[in-house]
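Quick notes on the structure that follows.
The values are calculated or read from the model by the stated rules, or taken from the named source; none is laboratory data. Just so we're clear, the structure is a prediction, and the values are computed from it rather than from any experiment. No Cβ is skipped: glycine too gets one built from the backbone with ideal geometry, and neighbour counts run over all protein chains shown.
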Amino acid sequence: MGPSPDRLTYAIGDIHGRLDLLDTMVSLIEADRAGQPADLVFLGDYIDRGLGSAQVLRRLQTLELPSASIHCLMGNHERMFLDFLDDPVKAGPRWLHNGGLETLESFLGPRQIATSDESFETICRDKLLDTVDSSLLEWVRALALQWRSGDLGCVHAITDPRAAWDAQKDATLLWGRPKPKMPKRADGMWIAHGHTVVEAANVQNRRIALDTGAYLTGVLSAARFENGSISLLTTTPEDRY
């Protein structure tokens, strides 16, 4: 038996700028649920590395589906993006090294500023703030770190099984990595997460790992939860760039 959320639930793994895969996955889910009321939970990392980061954010911000609730969680890449906006000199190098350049291009077009310029990060931040609709940035800042329905919990990275669901540290939810022999949560919850790339979506030790490296593999994965059952939906490798 798997988790039993309050109603049909889909958890969707890391998208990383692949608008094409997001659209394909939404179509797969819509065909699968066939109008049944459902929750769709996106597990974070919508931006960076892929070429359509701005488009993915805008699509998720406005996504509405009949008889469905959309829940978008924050990933560590959204956190790095916000840190860059708040302190481009300090946080810029880390974010740009981890896919931020692709996100900049998706908002601003092909970059025309030499990366060796010592003010590069500040200039790009200012251009972003001048270009991006403030409502989109407010939406990103308001993204939740966790979501729960019944005995199913959804987070970006992982939870600490020694801590209560409501006592998790932000750093764990955004940056944590599964350990080979992680103990089960004492409260019996199941956890769906992304962040750590796996060859194929899988279920083990009451954890459902859903980051299948979509931006490179063309495989975006989601899990379907209903009445104790778990099934997986994936795009096909042919959908790669």
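Values computed for the structure shown
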| read-out | value |
| --- | --- |
| Members of region 60-73 found to be out of contact with any helix residue (DSSP H, G or I) (no Cβ under 6 Å at 6 or more places or on another chain) and either in a helix (DSSP H, G or I) or not assigned by TED's automatic domain parsing to the domain that holds Thr212 (or both), listed by number | Leu60, Thr62 |
| Selection status of Ser149, closer than 25 Å to Gln168 by Cα, hydroxyl-bearing (Ser, Thr, Tyr) and at pLDDT 90 or above | yes |
| Subset of region 48-102 [of a type in the set (Asp, Glu) and either out of contact with any Ser or Thr (no Cβ under 8 Å at 6 or more places or on another chain) or farther than 21 Å from Val155 by Cα (or both)] | Glu64, Glu78, Asp83, Asp86, Asp87, Glu102 |
| Scope region 195-214; condition of a type outside the set (Val, Ile, Thr) and touching a Phe, Trp or Tyr at 6+ places or on another chain (Cβ under 9 Å); matching residues | His195, Arg206, Arg207 |
| Residue tally, condition part of a helix (DSSP H, G or I) and among the hydrophobic types (A, V, I, L, M, F, W, C), over region 44-59 | 3 |
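Residue-wise test of (1) free of Cβ contacts under 8 Å to residues at least 12 places away in the same chain; (2) in contact with a strand residue (DSSP E or B) (Cβ under 8 Å, 6 or more places away or on another chain); (3) of a type in the set (Lys, Arg).
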position: Ser69; (1), (2), (3): no, yes, no
position: His77; (1), (2), (3): no, no, no
position: Asp86; (1), (2), (3): yes, no, no
position: Gly99; (1), (2), (3): no, no, no
position: Ile123; (1), (2), (3): yes, no, no
position: Asp126; (1), (2), (3): yes, no, no
position: Leu137; (1), (2), (3): no, no, no
